[in-house]
Amino acid sequence: MTGMEKRADGRRPEEKRPVSIQTDFVRTAYGSCLIATGNTRVICTASVEEAVPPFLKGKGQGWVTAEYAMLPASTTERKKRDGIKKDGRSVEIQRLIGRSLRQAVDLKALGERTITLDCDVLEADGGTRTASITGAMVALTCAVDRMIREKKLLVSPIVHQVAAISAGIVGDMPCLDLCYTEDSSAQTDMNFVMNENREFIELQGTGEGRAFSNEELTVLMSYGMKGIAELMQAQREALGDRARHIAPKPLLLAATGNEHKLRELQEMFRDYYTLAPMSAAGFYGPIDENASTFAGNAVIKAEAVCAATGLPAIADDSGLCVEVLDGEPGVLSARYAGEHGDDEANNDLLLRRMEGKEDRRASFICALALKFPGKEPYIAEGSCPGTILHKRQGTGGFGYDPLFLYEPMGKTYAEMNEQEKNEISHRARAAREMAKIMAKISREG
């Protein structure tokens, strides 16, 4: 093959084979996918065991290991099943898969449990080991997502994204992602395993037919980096929302049981932290919010959660202040009518209190407190001016949202979509101030 000739399947030298990844392929597995790279197809599953190998017992860390097998009909001639003793090639490949995926996981954060990644080749057309690594990363992430949903893990232990691809020199031409016909006649065979930082986890290169030059190696490495970047994009697309578990931001507990507040805070601070509800760390309260200010109550809540869990915490305290009512309902907003969180009763009471009032000016106020163990809390505040209507408008939001008109938009909070509200709300304004504090903390380490 010369540099002017095309490859057997018509691809350019630097072009990888088409890839598809189908997640949740095996319903009984903790995590799974079917990965296809060209005609190579591999089922990857992740199993979780609440134990570790004997050499890790009592050390406070977990283990990630792998097994690899080619099914009998995966090649043109039937391959015998592995017996008790696997063939040397299978052992070499499963060790490679295990080494590679351990680089993706903080084993201490995993806890004393074992994740086993099984990679079974349905059809082999070259690159089975690299496809197995790429698919195993997806299966692993799916398993972590399930462990978090089942509250076996508080936050993802995945610290790196990992993918792998092959390359080689075929007929003196450097090529990416060799199929079987290319691989079987390659002068040089290489495998790249990398993380998202373009760092090498494993680099295997062998001059099968002849030695290769530094210039050829440079070309192969550039092809490999390009191919792995494309595979990582395919992994994330296949995982969808579950991709958030890959190298997540630091954990921050939200001192709230209100799902609406939690979602808003998660959206606002996703660039800095992974927010989890305080219940995820086993804390449910109650917390005595007895301060006379929003900031005071926010600090009380953040300090209570931080002290109980030993983890950083953020708390929100917010409410409605109506001018003609001398600031009512104020810090009592959530329990204005007596019972905490009874939105209908609170709104009904507010409407009764506002009967006959011409001045209907009000503001939503929010205070956020960020507390780290051993440090004084950080506080940020924000407010949004509005008008109290005579009747409810809109079906979204919560609390007093249906009665609070934001005049510049001509909508109540309850008529806004999530994006609109997160642009102008009192919580959004406080969050922007808190984000400045978070950015400074991040810069200072």
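The values are calculated or read from the model by the stated rules, or taken from the named source; none is laboratory data. Just so it is clear, the structure is predicted and the values come from calculations on it, not from any experiment. Note that each Cβ is placed from the backbone with ideal geometry, even for glycine, and that neighbours are counted across all protein chains shown. Protein only, heavy atoms only, side chains kept; ligands, DNA and RNA dropped before computing areas. Shrake-Rupley method; radii C 1.70, N 1.55, O 1.52, S 1.80 Å.
With a cut-off of 11 Å on the backbone N, the residues of the range 132-163 near the modelled label site 7 Å out from Ala109 along Cα-Cβ are 154-161.
Helices that extend 18 Å or more along their long axis by alpha-carbon positions and average at least 0.5 on the Kyte-Doolittle scale are, among the DSSP H runs of the chain, 128-149, 294-309. For the range 105-225, the alpha-carbon radius of gyration amounts to 1.27 times the rule-of-thumb value 2.2 N^0.38 Å expected for a compact globular protein.
Restricting the calculation to Cα atoms, the range 260-353 shows an Rg/Rh of 1.01 when the hydrodynamic-style radius is the Kirkwood one.
For the range 189-228, carbon and sulfur atoms together expose 50% of the accessible surface, with a 1.4 angstrom probe and every protein chain in place.
Between Ser279 and Arg81, the modelled label-to-label distance comes to 4.6 nm, taking each label 7 Å out from Cα in the direction of the beta carbon. Of the GluC sites (Glu not before Pro) in the range 65-96, the ones in a loop by DSSP (not H, G, I, E or B) with at most 13 other beta carbons within 10 Å are Glu77.
With only alpha-carbon atoms in the gyration tensor, what are the semi-axes of the equivalent ellipsoid for the range 384-445, in Å, largest first?
29, 10, 9
Both radii come from the Cα set of the range 92-161: Rg as radius of gyration, Rh as Kirkwood radius; their ratio Rg/Rh reads 1.00.
Over all other residues within a Cβ to Cβ distance under 11 Å of Val26, the charged ones net out to -2, with Lys and Arg as +1 and Asp and Glu as -1. Among residues other than Val219 with Cβ under 12 Å from its Cβ, the summed charge is -3 (Lys and Arg +1, Asp and Glu -1). Eigenvalues of the alpha-carbon gyration tensor of the range 28-126, scaled by 5 and square-rooted, set the equivalent ellipsoid semi-axes at 28, 15, 11 angstrom, largest first. With the convex hull drawn over the C-alpha atoms of the range 148-282, the volume per residue is 128 Å³. Each 10 Å bin from zero holds the following percent of Cα-Cα pairs in the chain: 4, 18, 22, 18, 14, 12, 8, 3, 1, 0. Among beta bridges identified by DSSP and lying wholly in the chain, the antiparallel ones come to about 80 percent.
Taking the centroid of alpha carbons for each part, the range 159-233 and the range 62-107 are 20 Å apart. Average accessible surface for the range 100-198: 29 Å² per residue, computed with a 1.4 Å probe over protein heavy atoms with every protein chain in place. With contributions of -39500 (n - 2.57) from each DSSP H run of at least four residues, the per-residue ellipticity at 222 nm computed over the chain stands at -10000 deg cm²/dmol.
Between the beta carbons of Leu56 and Thr395, assuming R0 = 56 Å, the FRET efficiency works out to 0.60 to the nearest 0.05.
Once the piece of chain linking Arg443 and Glu208 is laid out straight, how much longer is it, given 0.36 nm per residue of separation minus the C-alpha distance between them? Provide the component values of the computation, followed by the final result.
Working: separation 235, 0.36 × 235 = 84.60 nm, distance 4.88 nm.
In short, 79.7 nm is gained.
Sequentially through the range 199-207, phi angles give Karplus couplings (6.51, -1.76, 1.60; θ = phi - 60°) of 9, 7, 9, 8, 9, 10, x, 9, x Hz, Gly and Pro residues having no value and appearing as x.
Rg ratio for the range 312-385: its Cα radius of gyration over 2.2 N^0.38 Å, N being its residue count, equals 1.32. Once the mean of 1/r is taken over each pair of separate Cα atoms and inverted, the range 305-445 shows a Kirkwood hydrodynamic radius of 16.2 Å. The 1.4 Å probe gives accessible areas that order Asp172, Asp120, Asp401, largest first, as Asp172, Asp120, Asp401.
According to the Cα-based calculation, Rg over Rh for the range 222-285 is 1.16, with Rh computed by the Kirkwood formula.
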